[in-house]
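Working notes for the structure below.
All of the numbers you see were taken from the coordinates with simple rules; none came from a lab. From a predicted model like this one, the values you see are computed outputs, not experimental measurements. FYI the Cβ positions are ideal-geometry reconstructions off the backbone, even for glycines, and counts take in every protein chain you see.
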């Protein structure tokens, strides 16, 4: 019995159960040996009476005929969907080799589901439920301060209201009397006036204290549900650059939190970052700022943040750095002689950059630019790209940067670029230029982003382009073997390694870009694109949710791997040794890749990629 308990403890979800429960399970298991080729469960046959756990050997899962959809090895289980639903199995299970099985009776399986939440969630009936639980369980294991605390729990006192027709003098006296730094303006929707408003909009402008509150308040105020998580409040304040956040319950303001309320919960909060950037006076200070951004990523990971949320924090921080560098460059070179726009591309354009990576950027300037103007933007690009290097962002090996004249062009040229990519698509070129569809404008008076969006929004009308983009997206198939196991490198220095970017997250990025364009969405973020595609009906809810969960899990494993490398003094990469991962991580990767492979097969059918010349 001890040997069986040790075996169970090596695999999820038994590794999460109390020892006495695992010993109890070990004593209630039945043991069965089956020969290779023997059928254990039959699709459409009698419902399963046991949870089957593979101890030694392997079994095949077959859908119709002899089509193998998965192969399970030691520690993996089957039969639970039929047990949960009380219905015939959806797949036939056949021994691939001589196999030793542990059988857990159905009554005990159902009792464990009722008594052990980890057990119940692990044996959910669908991939999306299991992948979703995997993300939630990782958060539950982390620091709960930001991810289990509701904003209403931070309310220290009821809000103080003031009329929009009161004077700023009245507002200042009320703030002093109540010892607070902001007031809610009593109107619908509510406004807000803060001590900063009094300094910047009244005193600094030389306005009298008889000025009405409505003339200097912020309205409508940025609000959030009182039941939102503290981390959601942190993100909103960071993105909006605000320090006071009114909390609403059924459209009524019931309290207010400040950035200091959240800072008390987390000493290394991203909310410190804007202050650090403001105080920077040299490139060395700016480099330290980017180090602080990296520290904030580590803190958020330890606290259980989703990688997608971390990407939003990093995007806000890096955007602010870039805006500071461009402002400093303009101060050194003089005001820009023509309107321009600075674009970020790739992972930064998708709000998915978590660690400092290579630069991907471009510059768009006004069509009326003279040779002198063009020279100004050449110098501007050289300055900013050089400063980014000093701040820890290496130059792009593919030279996709504003310093490359090809990617520093007038608006009309950029419009021609996008029209040519869409109207005369070349598959090989699309592999190189796909990241340009992930652009965001982070600085500049030229409205390049909305103008270019008018072109990309019509991409779905060009079916040859969409088909070629689809085939380019499928160039890297999900790394699964014929028996649905994870395919690893088999020779050389990369033996047993899996690239979690190239053969993981990048596949979802490519699919999301395709479906985002199909949905005519302006979103650039991968998860936002998938949600937009689901809302538009061009991607099924099941496929979209599966891809989102797979993307989150693979991104999380990739970032954890890179953080560990950095902690060990190594250069971070995307290559993990699959066999050195724990059983839970191996299972999560396998199910994520199977979800991606399923959608890839659907993409090939929908866009008829096999018919392209």
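Things to note:
- D (Stokes-Einstein, µm²/s), Kirkwood Cα radius, region 151-263, 1.567 mPa s at 4 °C: 91
- P(r) tail fraction, region 2-125 - alpha-carbon pairs more than 20 Å apart, %: 40
- Computed over region 2-125: relative contact order in percent, which uses C-alpha pairs under 8 Å that are six or more apart: 34
- With Cα atoms, 0 to 90° folded angle of helix 168-178 axis to the chain main axis: 50
- Gap separating the Cα centres of region 565-608 and region 350-412, nearest whole Å: 32
- Cβ-to-Cβ counts within 10 Å put 234, 273 in ascending order as 273, 234, the fewest first.
- Rounded to the nearest 500, the 222 nm mean residue ellipticity of the chain from helices alone is -14000 deg cm²/dmol, with -39,500 (n - 2.57) taken per DSSP H run of at least 4 residues.
- Whole-Å semi-axes of region 442-559's equivalent ellipsoid (Cα gyration tensor): 30, 17, 15
- Cα centroids of region 444-482 and region 212-246: 35 Å apart.
- Sorted peptide list for 305-313, 594-602, 26-34, criterion being average Cβ within 10 angstrom, highest first: 305-313, 594-602, 26-34
- Per residue convex hull volume, Cα atoms of the chain, in Å³: 193
- The ranking of 240, 324 by Cβ neighbour count inside 10 Å, starting from the fewest, reads 240, 324.
- Looking at region 1-65, the pairs of alpha carbons with a distance over 17 Å make up 51% of the total.
- Sequence-distant contacts, meaning Cα pairs under 8 Å at least 6 residues apart, place the relative contact order of the chain at 11 percent.
- Fewest neighbouring Cβ atoms within 10 Å first, the residues 161, 7 line up as 161, 7.
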